[in-house]
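Report on the following structure.
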Amino acid sequence: MKLKEFQLEAVKKLFEAMETPARDIILKSPTGSGKTIILTYFMHQYIQSFPKTVFVWLTPGKGNLEEQSKAKMDKYIHASQTKLLSDVMASGFEENDSCFINWEKLTKKGNNALKDSERTNFLEHIQHALNDGLHFVIVVDESHQNNTIKADEIIQYFHTNKIIRCSATPKGIATAEIIEISEEEVIAAGLIKKMLVINQDFPQIIETENQTEFLLGKALAKQRELRSEFLKIDVDLNPLIVIQLPNKSETLQDSVERYLETKGLTYENGQLAIWLSDRHENLEGIDTPNAKSSAVIIKQAVATGWDCPRAYILVKLRDNMDETFEIQTIGRIRRMPEAKHYENDILDSCYLYTLDEKFTAGVKMALNKGALNACTLFLKNEYKDITLIGEHRTMVTSTRNPQKALQAIASYAEKEYGVGTNKAENKTRLQTAGFELSEDIVKHTFSGETATLAFNSTDMNKIKVTERLDTHIHGRDYHQKIGKIGLEIGMEYSYMNTIIRKLFDKNFKYSRKILALEPRAVYAFVINNDDKLRYLVREAMAYEMAQLKMDIPSKSYYEFHIPQSCLFTYNGDAKTQHIMEKNVYQNYLSSAAPRSTPEVKFEKFCERSASVEWWYKNGDKGNEYLSIVYQDNSGKQKLFYPDYIISVKGEIWIVETKGGFDRSGNSQDIDLYTPKKFKVLKDYLTEHGLKGGIVRNDAATDELCICMDTYSEDINSDNWVILSSVLE
């Protein structure tokens, strides 16, 4: 298991939240963000660092979620000590346990999972654990479903002072510590799809004899298209259609099954699966990428906890009854099957087909700009031969490489402390730099007298307190310190431990070893110097980034042509839907979305300007769009996708739009890299003999202005010129 940077950051924040006075910690994370991975990794690390801990993970009753969560922890964390309710009933709670318990087995009236005598026995197990000095940390999964009086009553039995509540849609607790993982972070990491596309290519007026068959037909066509796109990139993945029926809809279910049979999808041939509370068919291995089933029938109740990353398409069928919208339903189709984007709009999107207006409205409200209507647009013939030169990066450094991190730390230690191959000399140099080299655990305190609490420690006597190292007692301290050092740079515990051992432990081979300590002395070294080691590691990473020089060419070139077709997303609820005639695509609508305010203004300007012959809106990610290479402040290569390519009196211009200036001239641009992007855009335009610049709106005059020569944040400077006067 390799955690993403945002997941390790969430683990770090969980550790920090555990040290605050707040009882409740809310982990708000979108479906598909790897919440179980984050929590199980945190639980394992916490247990290693803090003795006498027992985690109790409470789940709602639907879908055997507690068994799924336990299975994931067993899979991800090989040394974990996990239990279900039946295991607790047999042997009680023990130190280092992570217990996964179905909430409703404890709270639901008439539930025979726990008879009265067993319930008493369960409470006795809790009391025995408390008497033995164990303390409970409670994790409430899908907490939005468990915010009930009975639930709180159960939590009270554990006498816990820490409850971690996690959900994509948590209910607020005023005094809680909130850790929020943004959807943008999860999308950027490639774990969930970039866009939810609603009712793609639906006509304005649908004439059909059977609405169900119309929707299913659209879904099957999309499934075939997705399968074909995967085969083009040599990925054997069978995209899954999730067909959600309303509860109590036997007649509708029957019509769905009959229609799918005419298309060759049946339970008998394995191409159709079903998951209802009283019926499971063809579910074995349904989550494997190339599973045989192309569609699964579910009902409302299965939304929570179901995980099948190859699910791409949701068909939401309705009856005349109202059903509440659940964001978790959409979550079922948002995961990326291989936890990465394919840089292909078709494969990086998921698809909803429904005629349920309330459901569509709920989706749009929940996902905001992430849910849009869509259709396929085709390039007009006269623009098919337009050719530009694009740039790709040749060096990608998206995650921390443990081997490179080790080399960077060794290099920085050599630079900062002057260490080399002589271990005795290295010891002296580290001591001079303030490192504690005792084989005992060393702590410091002060003694003296003061009349006020605002005393100066320099007026006091500094006292050194030493304690004999005991690897059993201090092992947890060592583990905690290594974990914190690693989280400082987004490095997992196991990698950070190996790095420290290679640098300082005599039993680990490494050519640039700094000290050759006995293994037990490494414990003392880390515990005594954890702050200095955190500083060393953090500074080494920053130094490595700053010094990064590319031995290979920094970029490669490719021929860019405007894509022959595009997945066009728009706001179907917008009042105006007129066609923008100068766009290179047929039937490009004025309600195109998502679009920033500067983009909307610029597109309208292009349509009105007599000088602009045609314009193209570039994509913001993917190999099919025009990209230019630049470096961020840490030296990491990134791709810049300019917003627009336009033709002005036969000349190609490339334009980037940014947030404008308010009436007082203050900047509303939130992009920190705008000056860098301006420079690389200008260099690119000069290299290829093109024109262009950055366009921003001046609210004082309500005019679009362009900067073409020297970038400035002062709209009143001569560097900004009114766009219409430049293009005349």
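The values are calculated or read from the model by the stated rules, or taken from the named source; none is laboratory data. Everything quoted here is computed from the prediction, not taken from an experiment. Don't worry about glycine lacking a Cβ; one is built from the backbone with ideal geometry, like all the others, and counts go over all protein chains shown.
When segment 236-247 is filtered for residues that are in contact (Cβ under 8 Å) with a residue 60 or more places away in the chain, outside any strand (DSSP E or B) and out of contact with any helix residue (DSSP H, G or I) (no Cβ under 6 Å at 6 or more places or on another chain), the ones remaining, listed by number, are N238, P246. Taken as a whole, segment 467-490 holds at least one residue that is without any contact (Cβ under 8 Å) to a residue 40 or more places away in the chain and over 22 Å from I47 (Cα atoms). The combined condition, being touching a residue at least 60 places away in the same chain (Cβ under 8 Å), of a type in the set (G, A, S) and farther than 17 Å from E180 by Cα, is fulfilled by S49.
Yes/no per residue for (1) out of contact with any Gly (no Cβ under 9 Å at 6 or more places or on another chain); (2) closer than 22 Å to Y312 by Cα; (3) of a type in the set (K, R); (4) in the same structural domain as Y46 (by TED's automatic domain parsing):
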| position | (1), (2), (3), (4) |
| --- | --- |
| Q156 | yes, no, no, yes |
| H159 | yes, no, no, yes |
| I163 | yes, no, no, yes |
| T175 | yes, no, no, yes |
| E180 | yes, no, no, yes |
| E207 | yes, no, no, no |
| E225 | yes, yes, no, no |
| K232 | yes, yes, yes, no |
| N238 | yes, yes, no, no |
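If you go through segment 631-659 one residue at a time, how many are at pLDDT 85 or above and surrounded by 15 or more Cβ atoms within 10 Å (Cβ to Cβ)? Summing the residues that are at pLDDT 85 or above and surrounded by 15 or more Cβ atoms within 10 Å (Cβ to Cβ) in segment 631-659 gives 18.
Taking the criterion of being among the aliphatic types (A, V, I, L, M) and surrounded by fewer than 16 Cβ atoms within 10 Å (Cβ to Cβ), the residues of segment 700-725 that qualify are A700, V721, I722. Answer with yes or no whether M73 is in contact with a Phe, Trp or Tyr (Cβ under 7 Å, 6 or more places away or on another chain) and assigned to a helix (DSSP H, G or I). Criteria not met by M73. Kindly indicate whether any position in segment 261-276 is over 19 Å from Y353 (Cα atoms), in contact with a Lys or Arg (Cβ under 7 Å, 6 or more places away or on another chain), at pLDDT 90 or above and among the small types (G, A, S). Taking every residue of segment 261-276 in turn, at least one turns out to be over 19 Å from Y353 (Cα atoms), in contact with a Lys or Arg (Cβ under 7 Å, 6 or more places away or on another chain), at pLDDT 90 or above and among the small types (G, A, S). Residues in segment 261-300 that are more than 15 Å from I243 (Cα to Cα) and among the acidic types (D, E): E268, D278, E284, D287.
Taken over segment 198-222, the criterion of being polar (S, T, N, Q) and over 16 Å from L567 (Cβ atoms) is satisfied by Q204, T208, N210, Q211, T212. Among the residues of segment 597-624, those identified as assigned to a loop (DSSP other than H, G, I, E, B) and within 28 Å of E559 (Cα to Cα) are S611, N618, G619, D620, K621, G622, N623, E624. Comparison of I346, I333, I389 shows that the only residue that is modelled with pLDDT of 85 or more and either loosely packed, with under 14 Cβ neighbours inside 10 Å or part of a strand (DSSP E or B) (or both) is I389.
Within segment 27-49, being modelled with pLDDT of 90 or more and not in a helix (DSSP H, G or I) holds for one residue alone: L27.
Taking the stated definitions as given, is N199 exposed (fewer than 15 other Cβ atoms within 10 Å of the Cβ) and among the polar types (S, T, N, Q)? So N199 does not fit the description; no. Report whether or not S293 is surrounded by fewer than 22 Cβ atoms within 10 Å (Cβ to Cβ) and of a type in the set (S, T, N, Q). For S293, the condition - surrounded by fewer than 22 Cβ atoms within 10 Å (Cβ to Cβ) and of a type in the set (S, T, N, Q) - is not met. Can you find even one residue in segment 189-196 that is in contact (Cβ under 8 Å) with a residue 24 or more places away in the chain, in contact with a Pro (Cβ under 6 Å, 6 or more places away or on another chain) and assigned to a loop (DSSP other than H, G, I, E, B)? Looking for residues that are in contact (Cβ under 8 Å) with a residue 24 or more places away in the chain, in contact with a Pro (Cβ under 6 Å, 6 or more places away or on another chain) and assigned to a loop (DSSP other than H, G, I, E, B), one finds none in segment 189-196, hence no. Pick from segment 677-707 the residues that are part of a strand (DSSP E or B) and touching a residue at least 40 places away in the same chain (Cβ under 8 Å): which of them is farthest from K604 (Cα to Cα)? This residue is K691. Within segment 250-280, restricting attention to residues that are of a type in the set (S, T, N, Q) and assigned to a helix (DSSP H, G or I), the residue that is surrounded by the most Cβ atoms within 10 Å (Cβ to Cβ) is Q253.
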